1. List LEU95, LEU132 from most exposed to least, where exposure is judged by having the fewest other Cβ atoms within 10 Å.
2. Could you work out the percent of alpha carbon pairs in region 100-239 separated by over 26 Å, rounded to a whole number?
3. Can you sort PHE210, PHE34, PHE50 from fewest to most other Cβ atoms within 10 Å of each residue's own Cβ?
4. So who's got an amide H within less than 5 Å of the one on LEU199, skipping anything under 5 residues away but keeping other chains? H placed 1.01 Å off N, in plane.
5. Could you go through region 70-77 in sequence order and give the Karplus-derived ³J(HN,Hα) for each residue, using 6.51 cos²θ - 1.76 cosθ + 1.60 with θ = phi - 60°, rounded to whole Hz, and x for Gly and Pro?
6. Could you list the chymotrypsin sites (Phe, Trp or Tyr not before Pro) in region 93-182 that lie in coil according to DSSP, counting only those with at most 16 other Cβ atoms within 10 Å of their Cβ?
7. Please grab the % of Cα pairs in the chain that end up more than 26 Å from each other.
8. Cross-link candidates for LYS240: which lysines have Cα within less than 28 Å, leaving aside residues fewer than 8 places away along the same chain?
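Every number here is computed from the coordinates shown, using simple stated rules; none is lab data. Given the structure is predicted, the values throughout are model-derived calculations rather than measurements. With ideal geometry, Cβ positions are generated from the backbone for all residues, glycine too; neighbour counts draw on all protein chains shown.
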Amino acid sequence: MLGAADIVLMILLIIGLIYSLLLKPQAKIVANDFSYRSLAAYSSKITPEFNRLSNRNKISFDEAAVVKSIEKQFPEVQSVRVELPFFSQQPTVWLSVAAPAFKLQSGGQSYIVDSQGVVAAKAADLPKLNKLVNINDESGFETGVGKQVISADAVNFIDMVIKQSQHAGVPISGLNLPPLAQEMDLRTVDAPYYVKFYLGGDALTQTGQFLASRHNFTQNPAQAPHEYLDVRVSGKIFYK
């Protein structure tokens with residue numbers, strides 16, 4: 001037969017279990033990058049997800065729906081993980097954010113493209129990212145927030161070309177994505193020709209060919225192209 005102490009203990013255990021199953025509506029937000037938005041901005045959109053009745057306890061919590069909603073609201077979020085601790089009532093939301101890569105000018109609009117090649121936002125909505133490199137999109141493909149406009153590998157390629165060119169002191173005046181698939185054209189301030197790159201190739205090899213050719217043309221101006229320099233084929237250059 002249970003004594004009074006046993007009954008009190010059982011009641012306390014039941015209360016503790018119920019307490020551990022409840023969730024606070026204010027989740028703790030952890031993100032690896034706050035370039036796009038502040039912690040408060042993320043929190044203001046994520047908190048309502050935990051205010052829903054079904055998400056106020058761990059048993060009925062719908063993680064899949066919460067993750068889907070967060071990814072829809074924040075295109076720059078690459079992945080979401082929700083942690084429901086056993087004893088604590090405060091959930092933790094981990095956001096893996098793809099860093100901003102460049103600004104894309106397309107269809108009369110300016111967009112922020114992240115490191116995964118996804119349009120994260122209109123540039124006008126994120127004025128603090130105004131120092132990103134500009135790329136002009138002439139491909140004719142439809143662009144909009146949340147759309148994948150270029151592959152992550154292509155973003156890495158472009159980033160490598162820019163960094164290697166800047167390291168060599170090349171004054172880049174413009175980058176363009178022409179209608180031809182997988183091509184990027186680079187123009188410099190001090191040369192009349194543009195340079196054709198193949199986004200599906202090796203960035204270091206093509207940039208090396210460009211820089212070596214540029215140095216040679218600087219030493220021999222009469223040989224310099226008047227229209228373009230093509231470094232898309234490894235081990236070969238073409239110019240006109």
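1. Values: LEU95 21, LEU132 17.
Starting with the residue having the fewest Cβ neighbours, the order is LEU132, LEU95.
2. Values: 2249 of 9730 pairs.
So the pairs more than 26 Å apart make up 23 percent of the total in region 100-239.
3. PHE34, PHE50, PHE210
4. GLU183, MET184
5. With coefficients 6.51, -1.76 and 1.60, one gets 5, 5, 6, 6, 10, x, 6, 7 Hz.
6. Passing sites in region 93-182 are PHE141.
7. Considering the chain, 54 percent of its Cα-Cα pairs are separated by more than 26 Å.
8. In chain and number order, the partners are LYS163, LYS196.
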